[in-house]
Every structure is written in C-alpha cells, then in structure tokens.
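The values are calculated or read from the model by the stated rules, or taken from the named source; none is laboratory data. This structure is a prediction, so every number in the text was calculated from the model and none was measured. Please note: Cβ atoms are built from the backbone with ideal geometry, for glycine as well, and neighbour counts cover all protein chains shown. Keep in mind that these areas ignore ligands, DNA and RNA; they rest on the heavy atoms of the full protein, side chains included. Shrake-Rupley method; radii C 1.70, N 1.55, O 1.52, S 1.80 Å.
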Amino acid sequence: MEVIIAMGHFCDSHGPCVILCTSAFDEFPEKQPSKGPICPTCKSIDLDTVYVCEDAKKQYITTRTSFDTDIAHLLKDAILRSLSIEVVMQNGKNSGTMYFGDNNRGHIISHVFSLKDSFARGFKRKYCIVVIGNHQISLLSHYDFLEMNLKRISEDLQQKAEKLNTVEMSSKKEELRSLPELIGESNIFAQLHMWFVFLLTAKIFKNIPHNIPNCPINCPSIEKLRILKLEMSDNVYDTVSYCMLTGIKIEEKNSDILRYFQELLPIGFKLPNSGNLCSISKTCENWNVSFQGTLPQTLPKLHTSIKRALEDTNISNSALYYHIKSFIMYWFNISCVLSWTTNSCENLTRTLEIHKCDMPLLSYWISQTSSCIKLYKSDYFMPTKVK
C-alpha cells in the first residue's frame, strides 16, 4: 500500500464515514470503487465519478471510496479511530493533528477539526483528514509538513463555513447537509483533490534507503553460555567473565569457550596479548581457572547483571538474547559518551551511576572506542560522611 489521503466525517445516521480518498496508481484501475453509505450528510462525489491528475510515472485518482476493499476497510478504521476512539486536544479544543497506527492497520497521521453548522445539533460537524501508509519512519519524518498543510486545508474550510453560518444563525431549522452545502462551495471536492494530489506528489514519501548501522552487539551463543555457566563454579565463571569484560588475556585450548564469552563484548573489541594471564582448563568434567591477578571484592555491574540473567530460569533463551544485548549496549553507550567527554566528567559519572567497581571495565571499553578520557585518580565514588 502506497500513501493514501482520505477525508472523513461523523454522520448522525452512519457514524464515522469516508467521503473522499486520493491514491496513486501506476495505471488506471479496472475495477469499480467499493460502495459506502449515502445520505444527505455523507453525499460526496458520485461513485462513478473520478478526479484524475497524472505525471510521467503515476496517476493520482480521487474517488468517493477506495477501489480496493481491503484499503477501504483500513480507511474506515482510520476514520473511526480518528473521530471516535483516539483523543487529540490542542489549545483546549478537541481538534488538531495526531499519529497512531501499527504495521497491521497502517501508520496514520490524522488531522481532526470541526466545521460550524447552524442547522446541526451542537452547531458543528466533525471532520478529519488522514494520511495512511506502510512506513512509519517515512511518514513521521514529514509530520511537520503534513500538519502544516492539513491545518491550512481545515482552516480554509472553517473560514468558509464560518462565513456561511453567520448569515444562517437567524434560522432555527435543522437539516442534514453535505460538505459543499455546509461551506457554500459546490466544487470543494475538486479543490480537495488538488490539495491531496499536491501532498502525494511532494515526493516526501519516497522510500529512500537509510544507512542504518548494524548493532554493535551480537551474542547468538548466549544459550550455550547459559549451559556453560551451570557447569562452572562461581569462582571459575566470575574469573573468566571478569577477565573478558575488562580486557585481560585469556588462554583456553577449546576456542569455542572463549567465543561464547567474547560475545559479551561489542563487535570489534581487540583482546589484549599481554598483562595478567587467565588460563582455563577442564579436568574430569570440572572447569578450573588460574589467574595471576586478584578479583576485586565487587565486580562490575555489567558482569553481575549478565550473571543474574543467565541464572534466572524464568527468562527464556529467546528473551535472554535480547535481555543480555540490552545490558551490553547500555555500557557500550556509556563508554562512548565518556570517550567523547573532554572536560571534567565527575558530575556525568555520578549521573550515570558509575561506581568504582565499573572502572576496570570502562578503562578497557573506552580505549576500544578509538578515543580516551582522563580517569580521575581521586576516589570520588566514596560516600560522603555526614557530620
């Protein structure tokens, strides 16, 4: 489905209804538009009438209803939600522009407004113009442009309705009137057709490829790491995980084991070839570790979060994959932010809730972001004593 623009109103007899829609086609459709309710209020262009504009590539066709019954159903749902379900309020009035939708029913920008009608109950009638398409990003990236133009269309209609109804206020009769009768413009639908074609031909909905970078985190073997965690003692797992997350050299004959742990690091991180050595071995189904250094009493929060998630049996393997990725991505972002910081970052580190136990990890991660920061020698993570 390409982008479609439609107009709807609230009929006292039929409820929310589509009264006009404009679509782009490669060639003129052979089938007839779908049927819709017709009464004095819902009256629009005839079902066998079409307005057509064309350029070198497309034909822009406006009809009473859509040629496609599935699209007609989506438009009806969008009009229903705009006028009866979704709520928008701007400047204290139940009118304005809003977005709603999903991948199944389409993504919708809807502009809701009222026209004065001295013959109607409440002296007004409710209308909306909806722009519906498949691509959320493309639609929302031009929200301001659409809002501005939809507001112009509604204001033009409101001014015409205001002018006509000022003359009619002395009359107390009540009758159902169509939009052309309401604003005193017999060719209003032809004008709306030109407005809608302008919006569709503005080339704002062209599907331009985005150079979206790949996620720097990938841990497809997280299920195997969970099994490995169950096989290892806490001391072995804590040592290996800590060394991996803080950039300490690890040796192990089974390269798969190192790969499982290495997936806890962002893609592209280089492992050190020197420094304190951590060696892993397995004897009689038991995992052993030899580490030249000493583990800190408090391990980095990323290590603790990952370990807790691996041990939580309530988290499925599929959920665990994204859960772990979120932890790693969080600390990767922190390391990037700190690497970009050139001034004193004491307040920033406090705000990010970075503690002393996280510094060995960040010292390694920041160096891998192709930048660095000056870490403080003072221990400003110590709590202040209250006198």
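Overall, the accessible surface of the chain at a probe of 1.4 angstrom is composed of carbon and sulfur to the extent of 52 percent. The range 1-92 gives an Rg/Rh value of 1.01, both radii derived from C-alpha positions and Rh following Kirkwood. With protein chains left intact and a 1.4 Å probe, residues in the range 1-145 average 49 Å² of accessible area per residue. Among His107, His14, the sequence by solvent-accessible area, most first, with a 1.4 Å probe is His14, His107. Fully extending the segment from Thr166 to Asn94 would add 23.7 nm, taking 0.36 nm per residue of separation and subtracting the current Cα-Cα distance.
Using only the Cα atoms, work out Rg/Rh for the range 263-305, with Rh taken as the Kirkwood radius, to two decimals.
1.01
Which net charge results when you count Lys and Arg as +1 and Asp and Glu as -1 among the other residues whose beta-carbon is under 12 Å from that of His9? Within the 12 Å Cβ shell, the charges total +3. Can you give me the distance in nm between label points at Glu231 and Glu175, each placed 7 Å from the Cα along the Cα-to-Cβ direction? That separation, rounded to one decimal, is 8.7 nm. In straight-distance terms, cross-link reach from Lys249 covers every one of the aspartates and glutamates whose alpha-carbon lies under 16 Å from its own, apart from those fewer than eight places away in the same chain; here that gives Asp238, Glu263.
Per-residue SASA remark: Met359, around 40 Å² accessible (1.4 Å probe; ligands, DNA and RNA not included). According to the Kirkwood relation over distinct C-alpha pairs, the hydrodynamic radius of the chain is 26.3 Å. Once C-alpha pairs closer than 8 Å and six or more residues apart are averaged by separation and normalised to the residue number of the range 1-149, the relative contact order reads 25 percent.
Note on the chain: helix-only mean residue ellipticity at 222 nm, from DSSP H runs of 4+ residues weighted -39500 (n - 2.57) and normalised by residue number, equals -11000 deg cm²/dmol. Considering only alpha-carbon pairs that sit under 8 angstrom and 6 or more positions apart, the relative contact order computed for the chain is 12 percent.
Once both labels are positioned 7 Å from their Cα atoms along Cα-to-Cβ, the gap between Arg259 and Lys356 label points is 4.0 nm. Relative to the longest principal axis of the Cα atoms of the chain, the long axis of helix 69-80 lies at roughly 90 degrees.
Reported to the nearest whole Å, the Cα centre-to-centre distance from the range 64-99 to the range 216-264 is 52. For Thr351, the accessible area of its heavy atoms, probed at 1.4 Å with every protein chain present, is near 110 square angstrom.
Considering only alpha-carbon pairs that sit under 8 angstrom and 6 or more positions apart, the relative contact order computed for the range 214-346 is 29 percent. Computed with a 1.4 Å probe on the full set of protein chains, the accessible area for Glu147 sits at about 50 Å². For Asn317, what charge total do you get from the other residues with a beta carbon under 9 Å from its beta carbon, if Lys and Arg give +1 and Asp and Glu give -1? Neighbourhood net charge equals 0. Compute the angle between helix 301-311 and the longest alpha-carbon principal axis of the chain, please, reported from 0 to 90 degrees and rounded to the nearest 10. Tilt relative to the chain: about 80 degrees. Heavy-atom accessible area with a 1.4 Å probe sorts Cys42, Cys215, largest first, into Cys215, Cys42.
Angle of helix 234-245 to the longest C-alpha principal axis of the chain, folded into 0 to 90 degrees and rounded to 10: 70°.
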